[in-house]
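Worksheet: the structure to be examined is printed underneath.
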Amino acid sequence: MGAWEQRWALPLAIFALCAGVYCATSAQRLVRPSPNNHYVHLAHAWLHGRLDIGGDPPGTNDWACFDTVSHGPCPPGRYAFSGPDAERYRWYVSFPPLPAVLLLPVVAVFGLGTLDALFWALFAGLAPALLFVVLRFLRESEQSKRSVRDDLLVTALFAIGSVYYFVAAQGSVWFAAHVVAAAFVCLYLLFSFGARRPAAAGLVLGLAFLCRPATLLLAGFFVLQAIGAARNEPRPTHGSSPRLLRTLTMFAIPLAAVVAVAMWHNAARFGDPFEFGHRFLQIRWRSRIETWGLFSTHYLPRNLTVFLLSVPWLIPSNPFVRITRHGLALWFTSPNLLWGLWPEKLDATIVALWAAVLPTALCTLLYQNTGWVQFGYRFSLDYLPLLFVLVALSARRFGVAFLCCAAFAIVVNTFGAVTFDRYHRFYDSDPTQQVIFQPD
């Protein structure tokens, strides 16, 4: 076996193993299109020269309806239009479009019958493999003191000991966006350490943005890494470091180009480069978006409650446990993340990682939705790879307590991946979004 094969054998094995686990967990979902295959419809529309989906949607879940006359939302509560109304009121996919781009060649062959859940379960193997490559780079560059075994454990905790597991096994539109974004966030980290690949870092961050817009706030990590790298260079006689300016420019150009493409796509559909279409979602709680906007401190108390305090409800009869549809708190599904909060030594890399995590987390906590419907707090996937890197960099010993938490996390998230959207008796049936804690 050559040097290249030896170096990539383990990441490829991680990819194959994780993809296999996700496919096995998805089970019957793999043999039919997912019930919310918005990205398939978006790719199908593009292939037929349209930006809207060309008719009424196949369901009522999170489709954007745009009034081409008033340039606002469609009449509430309607999911089908005929005659002149069908031309006036058009249906769009409001979710950022990169996953549909990836599906284009598959949809070109299989059309609306594309087995999107199978595609995303296979794709989901990429993020754990890439996270291991990130951890390996940190170990080989002596930024991390972890062993190969430690890196494999952290990778496993991300793959099957976090909310990534239940997300990877779903296949529907919201979860597919997380799966794709997580892979590009891992690539972004790999290229950003030491600001060593600025153009590549800017490109992949832009691609993550085209799945999950909140990931754009991770840009602060690269900026701080670039500043640190410039400070380590011999300083010029006059002015600021030319390396810093060059590095930031190389990072910004591909990132800005990708963002510009997204803005063009938005403007072509809605006449507003900043409008993805979520304002036009035909949903029951549209009134709160119209009152408070998509992002507001109004939503912060509820979102923080889910993020920090949501735990399973114990009930006296079968099945003895029930979970709110808002999902479980992040610390409950991934208790090992607590090891990243107290590093043995605070260095510039750890500070830069937190400088990226905190604004991204705050952005999701200000959003009008908790992540509903979910097993655990899935919006954390916008920054979850960074949190696991922080665990690796903490230099805290992976002792008995850590291993016990790891076993707990794997059991909990396996339960979630197997039961979510299958065994409904384990989940609260409240349709109003009002119930977070167990009723009295």
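No lab work stands behind these numbers, since they all come straight from the coordinates. Everything quoted here is computed from the prediction, not taken from an experiment. As a convention, Cβ positions derive from the backbone with ideal geometry for all residues, glycine included, and neighbour counts pool all protein chains shown.
Assorted remarks:
- Student exercise, region 16-146 dipole from Lys, Arg, Asp, Glu Cβ charges, in Debye to nearest 20: 500
- Kirkwood radius for region 35-77, taken over all pairs of different Cα atoms as the inverse mean of 1/r, rounds to 11.5 Å.
- Normalised by the number of residues in the chain, the average gap of Cα pairs under 8 Å and 6 or more apart makes the relative contact order 19 percent.
- With the alpha-carbon atoms of region 343-440 aligned to their principal axes, the span from lowest to highest coordinate is 46, 34, 26 Å, starting with the largest.
- Rounded to the nearest 20, the size of the Cβ-charge dipole of region 53-210 about its Cα centre is 560 debye, with Lys and Arg at +1 and Asp and Glu at -1.
- All-pairs Cα distance distribution in region 393-440, expressed in whole percent, bin size 5 Å: 5, 16, 14, 16, 15, 12, 9, 9, 4
- By average C-beta atoms within 10 angstrom, highest first, the peptides 315-324, 368-377, 413-422: 368-377, 413-422, 315-324
- Normalised by 2.2 N^0.38 Å, where N is the number of residues, the C-alpha radius of gyration of region 1-107 stands at 1.52.
- Cys residues of the chain counted as unpaired, since no other Cys beta-carbon is under 4.7 Å: 18, 23, 186, 211, 363, 404, 405
- When Rg and the Kirkwood Rh are both derived from Cα coordinates, the Rg/Rh ratio for region 279-433 amounts to 1.01.
- Relative contact order %, region 315-379, counting alpha carbon pairs below 8 Å whose residues are six or more apart: 58
- Taking 70, 144 and counting other C-beta atoms within 10 Å, the order from fewest to most: 70, 144
- Loop sites here are GluC sites (Glu not before Pro) outside DSSP states H, G, I, E and B with no more than 11 other Cβ atoms within 10 Å. The longest part of the chain free of them is 143-343.
- Backbone geometry of region 325-331 corresponds, through the Karplus equation with coefficients 6.51, -1.76 and 1.60 at θ = phi - 60°, to 3J(HN,Hα) couplings of 5, 6, x, 9, 4, 4, 5 Hz, x marking Gly and Pro.
- Distribution of pairwise C-alpha distances over region 360-408, 5 Å bins, in %: 5, 17, 18, 21, 15, 15, 8, 2
- The chymotrypsin sites (Phe, Trp or Tyr not before Pro) of region 1-68 include none that DSSP puts in a loop with a beta carbon having at most 14 other beta carbons within 10 Å.
- Antiparallel %, DSSP beta bridges [both residues in the chain], to 5: 85
- Among the trypsin sites (Lys or Arg not before Pro) in region 1-109, those located in a DSSP loop and surrounded by at most 16 other Cβ atoms within 10 Å of their own Cβ are 50, 78.
- For region 136-270: Kirkwood Rh in Å [reciprocal of mean 1/r, alpha carbons]: 16.7
- Residue-wise HN-Hα coupling along region 123-131, computed from phi with Karplus coefficients 6.51, -1.76, 1.60 (Hz; x: Gly, Pro): 4, 4, x, 5, 4, x, 5, 6, 4
- Rh by Kirkwood over Cα pairs, then Stokes-Einstein D for region 48-178 at 1.306 mPa s and 10 °C, µm²/s: 89
- Stokes-Einstein diffusion for region 134-215, with the hydrodynamic radius set to the Kirkwood value over Cα pairs and evaluated at 10 °C in a medium of 1.306 mPa s, equals 115 µm²/s.
- Coarse-grained scattering of region 254-305 at q = 0.22 Å⁻¹, given as base-10 log I(q)/I(0) from a Debye sum over alpha-carbon atoms: -0.86
- Ratio Rg/Rh, restricted to the chain and using Cα atoms, in which Rh is the Kirkwood radius: 0.97
- In summary, region 252-367 shows an alpha-carbon radius of gyration equal to 1.46 times the 2.2 N^0.38 Å reference for compact globular proteins.
- Our summary gives region 286-440 a relative contact order of 35 percent, counting only alpha carbon pairs under 8 angstrom and 6 or more residues apart.
- Overall, the chain carries a charge dipole of about 680 debye about its Cα centre when +1 sits on the Cβ of Lys and Arg and -1 on the Cβ of Asp and Glu, all other atoms neutral.
- Which of 225, 334, 205, positive extreme of dipole for the chain (C-beta unit charges): 225
- Applied to region 204-215, the Karplus parametrisation 6.51 cos²θ - 1.76 cosθ + 1.60 on θ = phi - 60° returns per-residue 3J(HN,Hα) values of 6, 5, x, 5, 4, 4, 6, 10, 9, x, 4, 5 Hz, with x for Gly and Pro.
- Put simply, the amide H of residue 376, placed in the peptide plane, has neighbours under 5 Å in 328, leaving out anything fewer than 5 places away on its chain.
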